[in-house]
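Presented below is the structure to which this report refers.
The values are calculated or read from the model by the stated rules, or taken from the named source; none is laboratory data. If you're wondering where the values come from, they're calculated on a predicted model, not measured in any experiment. Cβ placement follows ideal geometry from the backbone for every residue including glycine, while neighbour counts extend to all protein chains displayed.
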Amino acid sequence: MKILRVNMKESAVRWESVPKEYEQLGGRALIARLLLQEIPPACDALGPHNKLIFTPGLLGGAAVATAGRLSVGAKSPLTRGAKEANAGGTAGDALGKLAIKAVVVENQGQPKRFHVLVIDGDSAELIPADDLAGLGTYATADRLQERFGADSSVMSIGQAGEQLMTGAGIATTGDRDQRSNHAARGGLGAVMGSKGLKAVVIRKPLGRAVKMHDEQLFRTAAKAFAQKLITDPKLGTKGSQHLYGTASIVGAVNEMGSLPTRNFTEGTFEQSADLRGEKLRELMLAREGKVGTRCMPGCVIACRNLFVDESGKPVVGTVQYETIALVGSNLGLGKLDDVAAINYLCNDFGLDTIETGAALGVAIEAGLAKFGDFDGIIGLLKQVGEGTVIGRMIGCGAVTTGRVLGIRRVPTALGQAMPGYDPRTLKGNGVTYATSPQGADHTAGNAFGARKEVNPLGVEGQKALSLRLQIIAAMLDSTGLCLFARPPIIANPQLMIDMINGIYGWGWKLEDYDKFNRDVLRTELEFNRRAGITQADYRIPEYMREEPLPPHNAVFDVPDSDLDSIFDTL
Amino acid sequence: MAVDIEIFGQLLPGKPRRQTFEIQGRAAVRDIANALGLDPEEIGLVTVDNVQSELDDPVQADSRLCFFPYVSGG
């Protein structure tokens, strides 16, 4: 395998062999190690010393069902710490097939000048791309796919990333009509913009396959894994994810009093029935949209949708739970059409819908629009694309918006907006938001589960639960596995070990796998420590400890001592 | 006693989404699920009055009881 180094200051690319210390790393694990090893932790996240990393997981390119996710990482301008965000699409698979362990983008070009990195087989080049400046991610991907092939993978930023807005993510093209998947979190789009990199194109690798150390071992484990996915009641074609998508949980989260509503002031939303996955499916089937589509070729879960308007015209693919929560109920909007319209604009500007939904909620609380007023809200959002001062404020996320407007109720942890579970009534997620080195991120360890393993309203057991989930999440993010595919691996980790050993021949045992997963967190925590992040930063906002959340009137009351000691047994 | 029931997702086909259900004496969630013709093996999550509950938890009069299939947070 190899690493592609891209120096934006010199407009130069260089291939290098993989250093020994990176050999047994991929995805989030590689990002954490590379950040700790190669960048000054206290550096300016939008300055020349930060590095932007694109990397497949360890299973990338090997045609393992659901394991083609792309990890993107850097020091985050939002959290100030190590950041990994991953996305579906085709790029992770393409990098894996090309045996590219990572693309590392270094230094910075001239301000306001942009380039595109084109990877074609074993060659790569930077080409000027000032003609793409100012375009949204959809138009950028369209133009680049016209030039480099409709089956090429495009990773791009929109206006938000170009203007260094810290709520910006990176869009990736996906399978067929899944045009827009996002490595959304932590402001990585702003880091890409700061480098002067508008897009990365990977021409579809033809006739390339991952070399196997022990093909039989790999194939046996990969086949067993895929069969488990298909037969799992949560995940197969009769499962909720396939039928109703990630929106299948809207009703449950609302019933549990955890659905962010009107800037996290309530836990249930009176119009939530119109935002449920059942409603989404009903609408799309009636309008001849699509449900049960894939973001990655070969995915057997297929949780996506192509949302169309009343006339059957595509609006956005896909409308997901977190977006519904943050730009739907959190803004007092009870129509999926309104959510889809906001979702499209966020995707095009290259904005994280979670961060932007939270910022808009704060702005509404300050009086810039009204909850439930779609026209007022979309008017605010459009200013991001126009680059007005208000637009830049929204585009920089919830913390910036709260500071500018003097609002104290800002739902963030470590500078990053909370996703669609209020931590006062799902306290395990509160522990994850507070303590994860990634900041408030449900994918870092989501305690929302099917059975009542730990009382979500109680304090007891939350610390241990969150730690266990954070270790699992580190594995998922480092192997390229979709988080929905976790049940078979949790039930039988040997499947993952056999797939890894089959590809690489590392001879991992269970203890090696466990150490690998834990080392991800250890490395990120050490990077964050050196970046100046202290225990006092790993906290839930003070108002959530004092302001009861209806209908349970619960506060976040997991003691600081639990938060401070969560990694003692890591 | 009367209990307000709502059924979600793929548990729903062939059953009313919402109904008021009369039960006699003490009842657990599982008893009501059985009476409604729901397969406990297909029930992934239960809430009683907005509180996540288990199949063997008791149900009080005038409660709101929701049955969900297996779901997973994304």
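Observations on the model:
- Output for the range A:320-341, where each listed residue is away from every other protein chain (no Cβ under 14 Å), part of a helix (DSSP H, G or I) and among the aliphatic types (A, V, I, L, M): A:327, A:331, A:336, A:339, A:340, A:341
- In the range B:16-27, of all residues being within 14 Å of the chain's Cα centre (by Cα) and exposed (fewer than 14 other Cβ atoms within 10 Å of the Cβ), the one that is farthest from residue A:277 (Cα to Cα) corresponds to B:22.
- Residues within the range A:543-570 that are without any contact (Cβ under 8 Å) to a residue 12 or more places away in the chain and closer than 30 Å to residue A:523 by Cα, tallied: 2
- Any hit, the range A:456-475, residues being at the interface with chain B (Cβ under 9 Å from one of its Cβ atoms) and either out of contact with any strand residue (DSSP E or B) (no Cβ under 9 Å at 6 or more places or on another chain) or of a type outside the set (S, T, N, Q) (or both): yes
- Looking at the range A:463-533, the helices (runs of 4 or more DSSP H) lying wholly inside it that each contain 2 or more residues that are over 24 Å from the mean Cα position of the chain (by Cα) sit at A:493-504, A:510-530.
- Selection within the range A:275-289 - surrounded by fewer than 19 Cβ atoms within 10 Å (Cβ to Cβ), in a helix (DSSP H, G or I) and away from chain B (no Cβ under 13 Å): A:285, A:286, A:287
- Selection within the range A:43-66 - of a type in the set (Gly, Ala, Ser) and at pLDDT 95 or above: A:45, A:47, A:57, A:60, A:61, A:62
Residue by residue, here is whether (1) within 14 Å of another protein chain (Cβ to nearest Cβ); (2) within 19 Å of residue A:380 (Cβ to Cβ); (3) touching a Lys or Arg at 6+ places or on another chain (Cβ under 8 Å) holds:
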position	(1), (2), (3)
A:237	yes, no, no
A:254	yes, no, no
A:291	yes, no, yes
A:294	no, no, yes
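- Residue within the range A:449-457 that is assigned to a loop (DSSP other than H, G, I, E, B), within 29 Å of residue A:522 (Cβ to Cβ) and β-branched (Val, Ile, Thr) present: yes
- Filtered residue count, the range A:343-357, keeping only those that are touching an Asp or Glu at 6+ places or on another chain (Cβ under 9 Å) and either aromatic (Phe, Trp, Tyr) or assigned to a loop (DSSP other than H, G, I, E, B) (or both): 1
- Residue in the range A:56-70 that is surrounded by fewer than 17 Cβ atoms within 10 Å (Cβ to Cβ), touching a strand residue (DSSP E or B) at 6+ places or on another chain (Cβ under 9 Å) and in contact (Cβ under 8 Å) with a residue 40 or more places away in the chain present: no
- Residue A:127, sole failed condition from (1) surrounded by fewer than 24 Cβ atoms within 10 Å (Cβ to Cβ); (2) closer than 21 Å to residue A:293 by Cα; (3) not hydroxyl-bearing (Ser, Thr, Tyr): (2)
- Hits in the range A:420-450 - residues which are at the interface with chain B (Cβ under 10 Å from one of its Cβ atoms) and more than 24 Å from residue B:46 (Cβ to Cβ): A:443
- Scan the range B:25-74 for residues that are part of a strand (DSSP E or B) and either closer than 16 Å to residue A:255 by Cβ or at the interface with another protein chain (Cβ under 8 Å from one of its Cβ atoms) (or both) and the total you get is 12.
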